[in-house]
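*Asks:* Dropping the structure in here first, questions after.
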């Protein structure tokens, strides 16, 4: 079985994330969306909420599952027999950081990293930018799934 992990914070999941996940679902037998748990960061949404939102917006993709990852991503991959990580690249700046990570992951656990160019429709998107624009009253509809938009606007209004 060909499996790949698609890691991220997904705080919140954007249509750019979903584009990459959906494209990988066409190429792999199983896509594991791994919500990274980072003790040093406090997100807008808790990990359980992120998993719930991701499961909701990927429910139509039978070969996608969502899990939380604690610790090293390569350990997560090794425990599940996953040999590849996929990362969407928005711009050249993303590549510099992701290349270092991919080389470290290969060194640590012989896990390959695949880089996928982001759809140009979403190349400017980031969860941080979405949150900032939404918090300031900007319209982010069409940039996140509708169910996520509802939760996002509700959370940021508090």
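The values are calculated or read from the model by the stated rules, or taken from the named source; none is laboratory data. The structure displayed is predicted, hence computed values, not measured ones. Here the Cβ positions follow ideal geometry from the backbone for every residue, glycine too, while neighbour counts run over all protein chains shown.
*Asks:* For the range 27-37, state whether one or more residues are under 24 Å from residue 150 (Cβ atoms), touching a helix residue (DSSP H, G or I) at 6+ places or on another chain (Cβ under 9 Å), surrounded by 22 or more Cβ atoms within 10 Å (Cβ to Cβ) and at pLDDT 95 or above.
*Replies:* Scanning the range 27-37, I find at least one residue that is under 24 Å from residue 150 (Cβ atoms), touching a helix residue (DSSP H, G or I) at 6+ places or on another chain (Cβ under 9 Å), surrounded by 22 or more Cβ atoms within 10 Å (Cβ to Cβ) and at pLDDT 95 or above, so the answer is yes.
*Asks:* Within the range 38-54, is there a residue that is touching a helix residue (DSSP H, G or I) at 6+ places or on another chain (Cβ under 8 Å), surrounded by 17 or more Cβ atoms within 10 Å (Cβ to Cβ) and free of Cβ contacts under 8 Å to residues at least 60 places away in the same chain?
*Replies:* yes
*Asks:* Moving on. So for the range 26-38 (the condition being part of a helix (DSSP H, G or I), out of contact with any strand residue (DSSP E or B) (no Cβ under 9 Å at 6 or more places or on another chain) and within 21 Å of residue 87 (Cα to Cα)), does at least one residue qualify?
*Replies:* Residues of the range 26-38 that are part of a helix (DSSP H, G or I), as a first pass: 26-27.
Checking the rest, the ones that are also out of contact with any strand residue (DSSP E or B) (no Cβ under 9 Å at 6 or more places or on another chain) come to 26.
Right, trim to within 21 Å of residue 87 (Cα to Cα) and you get 26.
Yes, there is a match, as at least one residue in the range 26-38 is part of a helix (DSSP H, G or I), out of contact with any strand residue (DSSP E or B) (no Cβ under 9 Å at 6 or more places or on another chain) and within 21 Å of residue 87 (Cα to Cα).
*Asks:* Restricting to the range 61-75, what's the tally of residues that are farther than 20 Å from residue 108 by Cα and out of contact with any strand residue (DSSP E or B) (no Cβ under 7 Å at 6 or more places or on another chain)? So that I can check it myself, show each step before the final result.
*Replies:* Initially, the range 61-75 is screened for residues farther than 20 Å from residue 108 by Cα, giving 61-68.
Keeping just the survivors that are out of contact with any strand residue (DSSP E or B) (no Cβ under 7 Å at 6 or more places or on another chain) gives 61-62.
Adding up the residues that qualify gives 2.
*Asks:* Residue 24 versus (1) surrounded by fewer than 19 Cβ atoms within 10 Å (Cβ to Cβ); (2) over 18 Å from residue 127 (Cβ atoms): which is the lone unmet condition?
*Replies:* Just one mismatch for residue 24, condition (1).
*Asks:* A further question follows. Any residue at all in the range 9-19 that is without any contact (Cβ under 8 Å) to a residue 60 or more places away in the chain and closer than 17 Å to residue 152 by Cβ? It would help to see each step written out before you state the result.
*Replies:* Start the filter on the range 9-19 by keeping residues that are without any contact (Cβ under 8 Å) to a residue 60 or more places away in the chain, which leaves none.
Within the range 9-19, none of the residues are without any contact (Cβ under 8 Å) to a residue 60 or more places away in the chain and closer than 17 Å to residue 152 by Cβ.
*Asks:* Report yes if residue 94 is at pLDDT below 95 and under 15 Å from the mean Cα position of the chain (by Cα), otherwise no. Steps first, answer last, please.
*Replies:* Numbers: at pLDDT below 95: yes; under 15 Å from the mean Cα position of the chain (by Cα): yes.
Yes; evaluated as a whole, the condition is true for this residue.
*Asks:* Just checking, which of 78, 83 is within 23 Å of residue 2 (Cβ to Cβ), in contact with a strand residue (DSSP E or B) (Cβ under 9 Å, 6 or more places away or on another chain) and surrounded by fewer than 16 Cβ atoms within 10 Å (Cβ to Cβ)? Break it down into steps so the answer makes sense when it comes.
*Replies:* On the way: 78 fails: in contact with a strand residue (DSSP E or B) (Cβ under 9 Å, 6 or more places away or on another chain).
The conditions single out 83.
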